[in-house]
1. Go through 55-61, 136-142 and give me the packing order, highest mean Cβ count within 10 Å leading.
2. Got a number for carbon plus sulfur as a percent of the chain's accessible area, 1.4 Å probe?
3. Please go through region 82-148 and write out the chymotrypsin sites (Phe, Trp or Tyr not before Pro) that DSSP classes as loop and that have at most 15 other C-beta atoms within 10 Å.
4. How high is the relative contact order of region 122-275, in percent, with contacts defined as C-alpha pairs under 8 Å that are six or more residues apart?
5. Mind listing P(r) for region 122-275? All alpha-carbon pairs, 10 Å bins, whole percents.
6. Only Cα pairs under 8 Å and at least 6 apart count here; give the relative contact order of the chain as a rounded whole percent.
7. Residues of the chain: accessible area per residue at 1.4 Å, in Å²?
8. Can you give the charge dipole size of region 1-116 about its Cα centre, rounded to the nearest 20 debye, using +1 on the beta carbon of Lys and Arg and -1 on the beta carbon of Asp and Glu?
Amino acid sequence: MALYGVVETGGTKMVCAIVAGPDDIRAEVRFPTTSPEENIPQIIAFLAKHHRKTPLTSIGIGSFGPIVLDKSLPNYGSVAPTTKPFWSNAPVVAPIKAALDIPVGFDLDVTTAALGELTWGAGKGLQHIVYYTIGTGIGAGVIVNGNPLPCMLHPEAGHQRLTRLSDDSFVGNCSFHQDCLEGLAAGPAIEKRWGVKANMLPADHIAWEFEAEYIAQALMNTVLFVSPQRIILGGGVMEQLHLFPMIWRKVLARLNGYINTPAILEHIGEYIVPPMLGNQAGMLGALVVAMRAAS
Ligand code: ADP
Ligand code: ZN
């Protein structure tokens, strides 16, 4: 049976695993995200140890962004310039490939999560989906025809501009834009606006009206620009499941009947949905990337 190495490089932690299939995790290790000088050798050490025991078929990596995905560039597979300390321009794929010499698939963490949901989760059976994560940051994985949207860099849907609510005096939490989705609606923005951790706000707090409004604006843009068959909303903030009916109502109200299809007008509850893979999405998505790299 084929064994795959999967790696999630996250903003706070790294997860590496040896996986034979979606329900068959053979080994797993986690360590805190520090610097590439420390983390990349840790990843290689784990993968190489298992590769020596039983050769791995390939490796799949889901990475925090921004990353370089253009295979024609010499720095393909590295982290792009970022405000995140230590990681700007850090090569990720090259040192892992050099150490193990097997195929290495690489994509953005939201894109791999989208691929995981497409293959085994809430997007199963579909071809075109968008997966948003609403957590410490906001990003979206866009899948078209079963594959990540081919593009120049990769989508940065978390930084789309929104219309600020007139009674929202919070300045915004993005250092590049005042009124972008991430700056207005990611977990840290909620916490700074209300002075309380997002998970401590009661379900009837006005904070969730704001949150649902901003997410609904972004989803309206998504429907109009990408016209996916389904939108999946994950990330820590979306653990507030009461947001879903609020978002459904607001998306319907904003679209105002313009997108005249039963999927939206009659079945919005099956159109904008929670993920099915939970905290496994990253790992399973990286497994899809590994399997695709092998074939
Ligand atoms: P990350 O984005 O760092 O990978 P998460 O998706 O868990 O991790 O996002 C963390 C953010 O989500 C934090 O800002 C946190 O306040 C918020 N968050 C986590 N759990 C919840 C919850 N149950 N309800 C509301 N917000 C939450
Ligand atoms: Zn921004």
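1. Descending mean neighbour count gives 136-142, 55-61.
2. After summing per-atom areas, the C and S share lands at 56 percent.
3. Qualifying residues, ordered by number: PHE86.
4. It rounds to 26 percent for region 122-275.
5. Bin by bin from 0 Å, the calculated values are 11, 43, 35, 11, 0.
6. So the answer I get is 21 percent.
7. Here the residues of the chain average 46 Å² of exposed surface.
8. The dipole of region 1-116 has a size of about 240 debye.
The values are calculated or read from the model by the stated rules, or taken from the named source; none is laboratory data. Keep in mind the model is a prediction, meaning the values are calculated, not measured. All Cβ positions, even for glycine, are placed from backbone atoms using ideal geometry, and neighbour counts span all protein chains on display. Surface areas here come from the heavy atoms of the whole protein model, side chains and all, with no ligands, DNA or RNA. Shrake-Rupley method; radii C 1.70, N 1.55, O 1.52, S 1.80 Å.
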